[in-house]
Amino acid sequence: LKITVDIELRDLVNDEILWQTTGLVETQDFDGGPEVNITQERENEEKALRELAEELAQRIRTLSTEGF
């Protein structure tokens, strides 16, 4: 899996961008293909997506708070 996101942290009161980044990429491998049955492949993909989301969230938190 590969996810690319653009992130913007905005002060809605003052309508100011506090932090932003574009093209932030995270990837996660999972077992799939003809040697893996479809049910197992989907479970592997879902697990990889959850792990990728957790890693991306941690990375965003770190990047967005480094300057504060």
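The values are calculated or read from the model by the stated rules, or taken from the named source; none is laboratory data. Source: prediction; values computed, not measured. Cβ atoms come from the backbone with ideal geometry, glycine included; neighbour counts cover every protein chain shown. Heavy atoms of the whole protein, side chains included, go into the accessibility calculation; ligands, DNA and RNA do not. Shrake-Rupley method; radii C 1.70, N 1.55, O 1.52, S 1.80 Å.
In the chain, the ratio of gyration radius to Kirkwood radius, Rg to Rh, stands at 1.17 when only Cα atoms are counted.
Each Lys and Arg adds +1 at its Cβ and each Asp and Glu adds -1 at its Cβ; summed about the Cα centre, the chain shows a dipole of about 80 debye. Of the solvent-accessible surface of the chain, computed with a 1.4 Å probe over protein heavy atoms with every protein chain present, carbon and sulfur atoms account for 47 percent. Extending 7 Å from Cα along the Cβ direction at GLU43 and again at GLN58 yields two label points whose distance is 2.4 nm.
Taking all protein chains into account, the per residue accessible area for the chain stands at 79 Å² (1.4 Å probe).
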